Structures are given as structure tokens and as C-alpha cells.
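Throughout, read-outs are computed from the coordinates displayed, never taken from laboratory work. What you see is a predicted model; the values in this text were computed from it and never measured. Every residue, glycine among them, receives a Cβ derived from its backbone with ideal geometry; neighbour counts consider all protein chains shown.
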Amino acid sequence: MTEQTDFVQIRHAQKSFGELEVLKDISLSVDRGQIVAIIGPSGSGKSTLLRAINDLDALTGGEIWLDGTRVNKDLPHRQYEKHINEMRQQIGMVFQHFNLFPHLTVRENVTMAPMLLKGLSKDEANALAEEQLDHVGMLERIDYYPSQLSGGQKQRVAIARALAMKPKLMLFDEATSALDPELVDEVNQVMKTLAEEHMTMIIVTHEMDFAAAVCDRVLFMDKGVVVEEGPPEVIFKKPTQERTREFLRKHIEGAK
Amino acid sequence: MGLDFSIIPKYMDVILLGCAWTIGITVAAALLSFVGGIIFAVIALYAPWIVRQPFRLIEWLFMGTPLLLQLFLIYFGLVQIGIDLPAFVAGIIGLGLHFAVYNSELIQTAILAVDKGQMEAARTLGLSRAQALRKVVIPQAVRAVIPPIGNNMIALLKDSALVSVIGVSELTLSAQRVIGKTYRPFEFYMLAAACYYVINLCMEWVQRKIERRISISR
Ligand SMILES: Nc1ncnc2c1ncn2[C@@H]1O[C@H](COP(=O)(O)OP(=O)(O)O)[C@@H](O)[C@H]1O
Ligand SMILES: [Mg+2]
């Protein structure tokens, strides 16, 4: 139960909010460079699972491992805080509502954490910000404030902010759900580029086409359990479970 | 005797010196109330119980009693325990802490109103809670309360007249002294009122400038 070989390991994850059991014994492993999509109806526990990986929502049972280190270690409070802050530096997260820091410019959004946590000098951090923002096509807006950007631009900056910490793993929680349809593609393009660079990613999404095109594996979750998982061509074309079929059918109808 | 404003220029230097003291005390107390307000807010929200309790006593003292009494206590009372402050320092501390408590209430509410996602995004990057508060949450909370804090600072300017009772020659006391010599209360109280009005306008102008500057970063 101690040594882990897989890059990301979720073992018997269990999470309750009071009486409500949101995650029921979920296990999942992701290899280095793999891209996993999590799909499922709203309220099925997708966000909770993602947020458990970096301990934003602490599990009530089970283990999370990243690259041989247990994320949700049993430690006294103070030591745990130090440990989890170090782990979180290695796990990038992108939120549905971007959560950019509105009081900071695009540049400062990206440079803050590397300067504060990795001791980068201002020049080093600026060079890093320019590199990361160039990567997501946002270099021209480096001195803008978030309030001056479109949703798609905000999300690309949020991705650059996460990447600037050089994470081993990226988590995306419905990164495009809050965007106007015409802005979805620019964010998807950035995620595709990351995929080509073999970034390990776990992506919660409602976009089946994107999941099919980019992901190595798809998990279908419902009511706190993984109902079915497999390569996208199996999950989307010939799922074995009735619940998966029903979800996909409804989803396709909903999209029309 | 009728009104005679021609007497004013002769005593203008005294009145202007009074203005200078009023402005100095107001600015110093405003800064203290701002920094103190942030510190008080953080203590009230996040300090352990053992720190919070004595602090609540201070809060009650500054909110629940007259400012005048607080000034007396700081200027005359503290001498007894060996703290002998110059009157203007006692005035700045009294006004500053009094308004710090009011600012703290505003800032606390604003801190709690900052979107939860902000703290989460900061923690996700690896910041500690204290770092996230300092770099992300508090700066946003402070921006949100600049307008009401500005109103508190106008109130502070007006209440700065109270430090005249501990003998600081600010604007109101300067006017009184001139009136003592000239027996021209209407002229000089009106002049003092005009001075307060002008200072007030300047403060509003500064406030608007600050608000405009930060509007883009909210
Ligand atoms: N902080 C919380 N407190 C109580 N219940 C929560 C909390 N967060 C999520 N839940 C509940 O957990 C369930 C799963 O939520 P979530 O993981 O957000 O689902 P999904 O992302 O799949 O839509 C929902 O029933 C939701 O109401
Ligand atoms: Mg969700």
C-alpha cells in the first residue's frame, strides 16, 4: 500500500459532505503524459474528485499519489500545510470561472507565485511570464488587467499562470463551460498544444468531441462511482453500460 | 457691532498654521486608521481565540465610548502608567485607533465577500493561507472598501477638532484663540468652516483619484 509506480494514483477515494456521500471508493491511475477525461452528469462528483487530487477538498478516505509521493499524507497540521503547499506547486489547476486575480496585471498574475514560492528574481519571473504567455498566445496583453480581457483570453492566462509553476500534472475543471461558444476553440487549442507536449492532464469536460480528439482514456462517472472507463472510441462508440449510453444519448439531444 | 471680515488677513497666519496642524493630524491618523483597520480585521477574523478576546475589549472601548473620553484617557490617563505622550501624538493615536475600529468592520465584511475562488486559486498555486490573504484576498478587500473608508476619513477630519480639548492648536482651537483676542466669533468660525470645507474637497478629490486608479483592477 505504500510504494506506487503509477504517475498519478487515486486509491479508494471516498468523500462525504456530512451525510452526503459524493465519492464512493474511486480508484484511478494515470501514466506520465496520459490525458484522461472525466465525463458525467452534473452533481456526479467530478469536481470533487478533481479537487481532491490537490486537496482543495480533503478526502474522507483513500489515498492520492503523485510521482511516488503521497499527496494527502497523514501529518501533524503544521507539517501537513508545508507538505501540501509543496505538492500543490506541482499540480496546476484551471477553473471554470478562471479565478484570475483582478487586482494584478496579466504579467503579475503569472509572476506572483514563482517569485513568492520559487524565489525567482523579477527579471527571471518576467522572462518566464513572457514565455508562458507567448505559449498561450497572450503575450500582447501582458500588461492588461483581467477586467480588460474576454473569457477565452482570461482562461488562457489562467493556464499560463498554472504552467509557470512547471507542474507535473494539470487539472481542468470544465475550463470552457463558462465561455461564449465562439471563444471555446482558442482555449481548446491551447489544451491540444499541451497534449502534444505530453503534459499529464485530467480534464473534466462536457465536450465529447474534444474529449474524443485529445484524450487517451475517458471515465464516465455517475453518483460518485466510475461507471465505465476506457479509450474514447469504446466509451463514445460502444459503451457497455446502460447508464453510459443513456447519458451520451441525453447529452447529444441536449447539444442539439 | 456688525460683521467685519477685513480683520481676517491680520490673523490669517494663525489660521493657516491651524489648518496645517489639522491636515497633518488628519493624514497621520487616516494612515494609522487604514493600516490599523487591516491589522484589526485580520486579528478579528483569523487570530487564535487567546489573541481575539483581549482585542475585542479594545474594539469595544473604541466603538462603545465617546472619542472625547478616549482622547482624555490616552493623553491624561496614560501618564499615570508612565506613558507621557505629546498632545498631538495622543490625538493622532486616539483618532487613528478610533477610526481603525470602524475601518476594520468594513474590511472584515469585504474580506469575507471576496470570491472564494480567489483563495482557492492562490492555494492551488501553492501559496499558504497567510500568503494568499496578504497577496490576493486583502488587496481586493481593501480596493472594495475605498469608497466607504473615504467617508470615514471625512468623518475623521471633522472629529479632528476634538483634539483641541487636549490643547493641540489645530484649526478649531486656533480660531478660538483668535476670537479670544478679537471678539469676532462669526467671522473666524466662518473662516474655519471654509477651511474645513476646502480640506474636505481636497480629500474627496484624492479619493476620486484613487478610485479611478483602481477601478480597472477590480
Ligand atoms: N462543499 C460542499 N458541501 C456540500 N456538498 C457539496 C459540496 N461540494 C459539492 N457538494 C455536493 O457534492 C455533489 C457532487 O458535486 P460536484 O463534485 O461539484 O459534481 P460535478 O462536478 O460532477 O457536477 C453534489 O451533490 C454537490 O451538491
Ligand atoms: Mg463540477
As an exercise: evaluate A:Met191 against (1) within 29 Å of B:Gln118 (Cβ to Cβ); (2) of a type in the set (A, V, I, L, M); (3) more than 16 Å from ligand 2 (Cβ to nearest atom); (4) touching a Lys or Arg at 6+ places or on another chain (Cβ under 6 Å) and give the number of the one condition it does not meet.
(4)
Could you list, in sequence order, the residues of region A:63-79 that are surrounded by 13 or more Cβ atoms within 10 Å (Cβ to Cβ) and within 16 Å of A:Leu28 (Cα to Cα)?
A:Glu63, A:Ile64, A:Trp65, A:Leu66, A:Asp67, A:Thr69, A:Arg70, A:Val71, A:Asn72
Name the pairs: first residue in region A:144-166 and within 9 Å of chain B (Cβ to nearest Cβ), second residue among the hydroxyl-bearing types (Ser, Thr, Tyr) and surrounded by fewer than 22 Cβ atoms within 10 Å (Cβ to Cβ), Cβ to Cβ under 6 Å, at least 6 apart or on different chains?
A:Tyr145/A:Thr105; A:Tyr145/B:Ser217
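So, in region A:156-182, exactly how many residues are more than 16 Å from ligand 2 (Cβ to nearest atom), out of contact with any Ser or Thr (no Cβ under 6 Å at 6 or more places or on another chain) and not acidic (Asp, Glu)? Walk me through how you get there before you give the answer.
Let us first name the residues in region A:156-182 that are more than 16 Å from ligand 2 (Cβ to nearest atom), namely A:156-170, A:180-182.
When the remaining residues are screened for being out of contact with any Ser or Thr (no Cβ under 6 Å at 6 or more places or on another chain), the result is A:156-168, A:170, A:180-182.
Remaining after also requiring not acidic (Asp, Glu): A:156-168, A:170, A:181.
Result for region A:156-182: 15.
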If you check B:Phe88, B:Phe62, which single one turns out to be among the aromatic types (Phe, Trp, Tyr), surrounded by 16 or more Cβ atoms within 10 Å (Cβ to Cβ) and either within 14 Å of chain A (Cβ to nearest Cβ) or in contact with a His (Cβ under 6 Å, 6 or more places away or on another chain) (or both)?
B:Phe62
Does region A:9-22 include one or more residues that are within 17 Å of the chain's Cα centre (by Cα), outside any strand (DSSP E or B) and under 19 Å from A:Val226 (Cβ atoms)?
no
So which pairs qualify, if the first residue must be in region A:30-47 and within 14 Å of chain B (Cβ to nearest Cβ), the second must be within 16 Å of ligand 2 (Cβ to nearest atom) and among the charged types (D, E, K, R), the Cβ gap must be under 8 Å, and the two must be at least 6 apart or on different chains?
A:Ser47/A:Asp173; A:Ser47/A:Glu174
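Residue-wise test of (1) in contact with a Leu (Cβ under 6 Å, 6 or more places away or on another chain); (2) surrounded by 13 or more Cβ atoms within 10 Å (Cβ to Cβ).
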| position | (1), (2) |
| --- | --- |
| B:Ser164 | yes, yes |
| B:Val168 | no, yes |
| B:Leu173 | no, yes |
| B:Thr182 | no, yes |
| B:Tyr196 | no, yes |
| B:Leu201 | no, no |
| B:Ile214 | no, yes |
Anything in region A:28-50 that is near ligand 1 (Cβ under 6 Å from one of its atoms) and on the phi < 0 side of the Ramachandran plot? List them, or say none.
A:Ser42, A:Ser44, A:Lys46, A:Ser47, A:Thr48
